[in-house]
1. Using θ = phi - 60° and the Karplus relation 6.51 cos²θ - 1.76 cosθ + 1.60, list the HN-Hα couplings for the range 145-160 in order, rounded to whole Hz, with x at every Gly or Pro.
2. Per 10 Å bin from zero, what fraction in whole % of the C-alpha pairs of the range 19-156 is there, up to the bin with the longest pair?
3. What does the charge dipole of the range 6-99 about its Cα centre add up to, to the nearest 20 debye, if the Cβ of each Lys and Arg holds +1 and the Cβ of each Asp and Glu holds -1?
4. In nm, what is the difference between 0.36 nm times the number of residues separating Lys172 and Glu269 and their Cα-Cα distance?
5. State to the nearest 20 debye the size of the charge dipole of the range 213-324 about its Cα centre, where the only charges are +1 on K and R beta carbons and -1 on D and E beta carbons.
6. With contacts defined as alpha carbon pairs under 8 Å and 6 or more residues apart, what's the relative contact order of the chain in percent?
7. So which trypsin sites (Lys or Arg not before Pro) in the range 257-351 are both in a DSSP loop and have at most 12 other Cβ atoms within 10 Å of their Cβ?
8. Please work out the FRET efficiency for the pair Glu337 and His49, using the Cβ-Cβ distance as r and a Förster radius of 25 Å; give the result to the nearest 0.05.
Amino acid sequence: MMNGKEYIESLRGLNREVYFLGRKIKNVVDEPMFQPHIHTAAMTYELAHEPEYQEIMTAVSHVTGERINRFTHIHHSIDDLVKKVRMMRLLGQKTGTCFQRCVGLDGLNAVYVTSYDIDQKYGTDYHERFRDYLLQVQENDWMPSGAMTDARGDRSRRPSMQQHPDAYLHIKERLDDGIIVSGMKAHITGAVNSHEILVMPTRTMSEEDADFALSFALPADTEGVSYIFSRQTNDTRRLDGVLDGGNPKYGIVGGEAVIVFKDVFVPWERVFMAGEYDFTTELVETFAGYHRSNYGGCKVGLADVVIGGSNWIAEAHGVERSSHIVDKLTDMIAMAETCWSCTLACSYEGHKTPSGAYNIHPLLANVTKLNITRMVYEWMRLAQDIAGGKIITLPSEKDLENPEIRETLFECFAGKQGFSPLDIIRMLRLIENMSVGAGLPEAMHGAGSPAAQKIMIARRSGIEKKMELAKTVAGINRDDYFERIIGKDETTHWNEVKKKLRGRETEIY
Ligand code: SF4
Ligand code: FE
């Protein structure tokens, strides 16, 4: 297992093509813009070496029996699923942002489960190939980015009907030793600081879209692959000094990028689905379920930080005993723990798949994520409320460095005795960063938008069974009604009615 420093050094060995703000970036590791994302992902490596967190952060590989980082593990028990979300909450607490590595973890588990099922139906050897790949991931402690969402172009048209064929990543050519692929994946978390790319289809595909039913893995610096890094709210602040960044070491959100594939060769041993369109639903839903269940872990870890920060700032301002502050903090805690309960339930209600890997409870995972899309906004709204208007009117770090105005600013932003004005500004910047920044829309759209969760909830709610339950409770049970109330079975009853009405043109019932 690598530690944080080794992970950062390992990225130097990758010579990838990255663009940002119109420039081609030579070295991702030393580029200030990428530092927070790299430091956050490094925490997933660093904590694995802390004895206190060993149980949560590491696991025993079912392939080799070796101890590995849990981010490369295939869940093999309910306990594994529970520890996974404990790991998410822990990392959220330590970094206050998205630590990116879960997308690859969920991709590994989803492809493991689905490749097994494809082989059962078609006699292919995708699962065996995937196990070989998994072994490499575990032995090298790689971080694969999970590349699912395609550019998608005109959403009213299927992948094969798009005006721009590269709107969806697809197979261009099948060769004896592999495939040639082209297309784009968008919003890919941790893309520029991962070792590998693990590709999955973005949606259910039909027969005409078979060339888009595609899963494979490649080294991040493969020829023909390039990255365009996204802008984030206030991102250039990290160039303006430590204070203005808010969460200067770990940043705002995961560090997303567009990944462009131009005639890229993928050898067959790295291909895990190539045309089996009838398994795209399973792969997409399995991945989405794992990732949606995570949000009750990672975002609740962030809530722990923002709740702590809100309480601290209330103390610094001398309002911590006001009943409305206590009420707001209590609401924040109750919402966060509700989401945590949801994610724990997803794990405890998990099940074994035919591959042997464990999957979470899909209905509960979608409910977890739907709650997150609402409650994160609510607890961040309350954090802003408690922090006060200062979070949007603070002076810059450069003004604080100016001796002519520094003391005036410190006087202006002072609080209760015993709290340094500089610390107050620091905490307010953190709350600003977490409650105003890109983390909010990420909580909304990451792992799929609310509408996607509602579709899944409706599909898996078991509404027919619920109607049966209601009918039983209401006594809407025909057999029971005829036997008990009328004293004969239904057919006999209606035959008697017919006899009475003989000769009349009446529609009965
Ligand atoms: Fe992990 Fe959460 Fe970031 Fe998704 S949003 S990658 S689950 S930290
Ligand atoms: Fe996310």
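The values are calculated or read from the model by the stated rules, or taken from the named source; none is laboratory data. For clarity, every value in this text was computed on a predicted model and none was experimentally measured. As a convention, Cβ positions derive from the backbone with ideal geometry for all residues, glycine included, and neighbour counts pool all protein chains shown. Calculation scope for accessible area: heavy atoms of the full protein, side chains included, ligands and nucleic acids excluded. Shrake-Rupley method; radii C 1.70, N 1.55, O 1.52, S 1.80 Å.
1. Karplus values, whole Hz, x for Gly and Pro: 7, x, 9, 10, 5, 7, 4, 6, x, 7, 6, 7, 10, 6, x, 6.
2. With a bin width of 10 Å, the distribution comes to 10, 34, 32, 19, 5, 0.
3. Values: 12 positive and 12 negative charges, 77 e Å.
Approximately 380 debye in magnitude.
4. 33.2 nm
5. Numbers: 9 positive and 15 negative charges, 90 e Å.
For this selection, approximately 440 debye.
6. Relative contact order here is 16 percent.
7. Arg321
8. My answer for the efficiency is 0.25.
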